[in-house]
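The values are calculated or read from the model by the stated rules, or taken from the named source; none is laboratory data. These numbers were taken from a predicted model, which means no experiment stands behind them. Don't worry about glycine lacking a Cβ; one is built from the backbone with ideal geometry, like all the others, and counts go over all protein chains shown.
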Amino acid sequence: MEDTERRSTTELPVSTNIRKCWDKVKPGIVEIIEQDPFVTFIPEDVYSECVNERAFLYTSSVGFLILTIEVDQFTKDKTLLLWIAYTYEKGGHEWLAHEEWFNDLAKEVGCKYLEARSRVPEMESYTKQVGWELDTRIYRKEVK
């Protein structure tokens, strides 16, 4: 299905109380954590962040995402961070179909930027195709 067709047929994500769907989203969070050796949080940390309204769960038939807001310590500019994004079918880039929704939400909550982080190498090519720019790659080495 072409991107334009996907955009018109995929419903928008809706704000969801994590308490009502924890059993459904937890396996996806576990999968993401298991794939990234640098993640320092556990699934229950994600749950706590959402319950305490420091992060926000959005769901759709495509999958779910958890958003947070980060504030630049120097400029005070706010960034809407796509902290966790999970799709039930891999490789479809489904969340990119909601670019306008992300922009509208970011404006609504006073954010100047949108940001996503991923260890998935293919993400760079398909995000660039829809106007995202590469800002920073993070490489890490443990001090011994």
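Things worth noting here:
- Of the residues screened, THR40 is not one that is over 14 Å from the mean Cα position of the chain (by Cα), within 19 Å of LYS112 (Cβ to Cβ), hydroxyl-bearing (Ser, Thr, Tyr) and surrounded by fewer than 11 Cβ atoms within 10 Å (Cβ to Cβ).
- Whenever a residue of segment 116-144 is closer than 21 Å to TYR86 by Cβ, its partners that are at pLDDT 75 or above and assigned to a loop (DSSP other than H, G, I, E, B), lying with C-beta atoms within less than 6 angstrom and at least six residues away or across chains, give the pairs ARG119/ASP36.
- Among (1) part of a helix (DSSP H, G or I); (2) closer than 23 Å to MET123 by Cβ - the single one LYS20 does not satisfy: (2)
- Only residues that are surrounded by fewer than 17 Cβ atoms within 10 Å (Cβ to Cβ), among the hydrophobic types (A, V, I, L, M, F, W, C) and in contact (Cβ under 8 Å) with a residue 12 or more places away in the chain were counted in segment 49-85, giving 2.
- The listed residue being surrounded by fewer than 18 Cβ atoms within 10 Å (Cβ to Cβ), modelled with pLDDT under 95 and either in contact with a helix residue (DSSP H, G or I) (Cβ under 8 Å, 6 or more places away or on another chain) or within 22 Å of PRO37 (Cβ to Cβ) (or both), out of GLU115, GLU89: GLU115
- Residues located in segment 15-48, provided they are in contact (Cβ under 8 Å) with a residue 60 or more places away in the chain and over 14 Å from THR87 (Cα atoms): GLN35, ASP36, PHE38
- Top-ranked residue of segment 1-37 - restricted to ones that are surrounded by fewer than 14 Cβ atoms within 10 Å (Cβ to Cβ) and aliphatic (A, V, I, L, M), ranked as modelled with the lowest pLDDT: MET1
- Considering the conditions (1) part of a loop (DSSP other than H, G, I, E, B); (2) surrounded by fewer than 14 Cβ atoms within 10 Å (Cβ to Cβ), TRP132 is excluded by exactly one of them, (2).
- Checked against (1) in contact with a Lys or Arg (Cβ under 8 Å, 6 or more places away or on another chain); (2) more than 15 Å from SER15 (Cα to Cα); (3) surrounded by 13 or more Cβ atoms within 10 Å (Cβ to Cβ); (4) not polar (S, T, N, Q), GLY110 passes all but condition (3).
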